[in-house]
Amino acid sequence: MTTNWLYRRTWKEVETYLETDSRIIIPVGSCEQHGKFAPLGTDTLAAVAVAADASRRTGVLVAPPLWYGWSPHHMVKPGTVSIRAEVLMELLADALDSLARHGFADFVVVNGHRIVNIAWIQIAAERVQRLSKVRVALFDLAYMSSEISGRLGFGTIGHGEEIEISHMLHCHPELVDLKQARDNPKTEKELYHIDPRNCHDTLCYVPATEDDLRKLAQKTGDTVTGRPTRSTAEKGRRYHEHLVERLVQVLEQMES
């Protein structure tokens, strides 16, 4: 089965789909720097890949992705596009509301931009659920991979680290030049942990500043935190398959 993309369907085909199914997947990511060796579209490409493979297995429609995210700290390097969180919240809410008005009632937002995108997605999802009387599930790649990340021996979440880059080596190896990668192991801070696997007491996440990343680039020669050189396509394949299986589970739960 091929991916069931919304944008490739006519309105009549969508009308027919809605006669038997009310589910739809919406991938969300970002366009931001991911080091010298990985593409700006890494986060969106990851979300799209998971959504597309889950669609192939279930036939559920996939809406066009939201290619931009909230990335103010990544403006330090060219190519990054950062959209204000309040604008993104309204954009997603309008997209969900538009589809709800046509009869879609079960939405899964697949987020590839991790914790940075979560707050505004939650606010948009709550509003649409309350006003349009639909269900919105937030499927975040980091939160939904806590179990497999530990089994694969992945280090803590950083940026452009072995988790993201292994996934890219599986999904889009032609876009990654691992020879350009350099490790910058993430230094843990007391009472501040952003990895969903970390069970210690912590402050909540606040994005770094552009100046923070500028200093990082001056110190290390790049804007990466983590160990991308440990990335492999095989680990990326197992990580990806876990996420696809979990998304299929979520979709099946919605159907039942």
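Observations, loosely collected:
- Which numbered condition G79 misses (of (1) at negative phi; (2) touching a strand residue (DSSP E or B) at 6+ places or on another chain (Cβ under 8 Å)): (1)
- When residues of the stretch 152-182 are limited to those that are among the charged types (D, E, K, R) and surrounded by 16 or more Cβ atoms within 10 Å (Cβ to Cβ), the one farthest from H113 (Cα to Cα): E162
- If you go through the stretch 19-46 and keep only what is in contact with a helix residue (DSSP H, G or I) (Cβ under 9 Å, 6 or more places away or on another chain) and not in a loop (DSSP other than H, G, I, E, B), you end up with R23, I24, I25, I26, P27, V28, C31, T42, D43, L45, A46.
- Verdict on L92 being crowded, with 21+ Cβ neighbours inside 10 Å, closer than 28 Å to T16 by Cβ and either basic (K, R) or more than 14 Å from the chain's Cα centre (by Cα) (or both): yes
- Looking only at the stretch 216-244, and only at residues there that are among the hydroxyl-bearing types (S, T, Y) and assigned to a helix (DSSP H, G or I), the one that is modelled with the lowest pLDDT: T220
- Residues in the stretch 24-49 that are aliphatic (A, V, I, L, M) and either in contact with a Lys or Arg (Cβ under 9 Å, 6 or more places away or on another chain) or more than 20 Å from Q253 (Cβ to Cβ) (or both): V28, A38, L40, L45, A46, V48, A49.
- Evaluating S149 against the criteria (1) over 21 Å from R230 (Cα atoms); (2) buried (at least 17 other Cβ atoms within 10 Å of the Cβ) leaves one unmet condition, (1).
- Scanning the stretch 183-220 for residues that are within 22 Å of G153 (Cα to Cα), out of contact with any strand residue (DSSP E or B) (no Cβ under 6 Å at 6 or more places or on another chain) and surrounded by 13 or more Cβ atoms within 10 Å (Cβ to Cβ) returns D183, Y192, H193, I194, D195, P196, R197, N198.
- The lone criterion from (1) in contact with an Asp or Glu (Cβ under 7 Å, 6 or more places away or on another chain); (2) closer than 28 Å to V206 by Cβ left unmet by S132 is number (2).
- Looking only at the stretch 95-134, residues that are more than 17 Å from W70 (Cβ to Cβ) and outside any helix (DSSP H, G or I) come to 8 in all.
- Screening M75 against (1) out of contact with any helix residue (DSSP H, G or I) (no Cβ under 8 Å at 6 or more places or on another chain); (2) part of a helix (DSSP H, G or I); (3) among the hydrophobic types (A, V, I, L, M, F, W, C) leaves a single unmet condition, (1).
- Count of the stretch 164-213 residues which are under 19 Å from the mean Cα position of the chain (by Cα), free of Cβ contacts under 8 Å to residues at least 60 places away in the same chain and under 22 Å from V50 (Cα atoms): 3
- Here M144 meets each of (1) in contact (Cβ under 8 Å) with a residue 12 or more places away in the chain; (2) farther than 23 Å from G69 by Cα; (3) part of a helix (DSSP H, G or I) with one exception, condition (2).
- Filter result for the condition that a residue is in contact (Cβ under 8 Å) with a residue 24 or more places away in the chain, of a type outside the set (K, R), buried (at least 19 other Cβ atoms within 10 Å of the Cβ) and within 22 Å of L247 (Cα to Cα), over A105, A137, A119, A63: A63
- Among (1) of a type outside the set (A, V, I, L, M); (2) under 30 Å from A233 (Cβ atoms); (3) free of Cβ contacts under 8 Å to residues at least 40 places away in the same chain - the single one T58 does not satisfy: (3)
The values are calculated or read from the model by the stated rules, or taken from the named source; none is laboratory data. Every value quoted in this text rests on a predicted model; they were computed, and no experiment measured them. We place every Cβ from the backbone using ideal geometry, glycine too, and count neighbours over all the protein chains shown.
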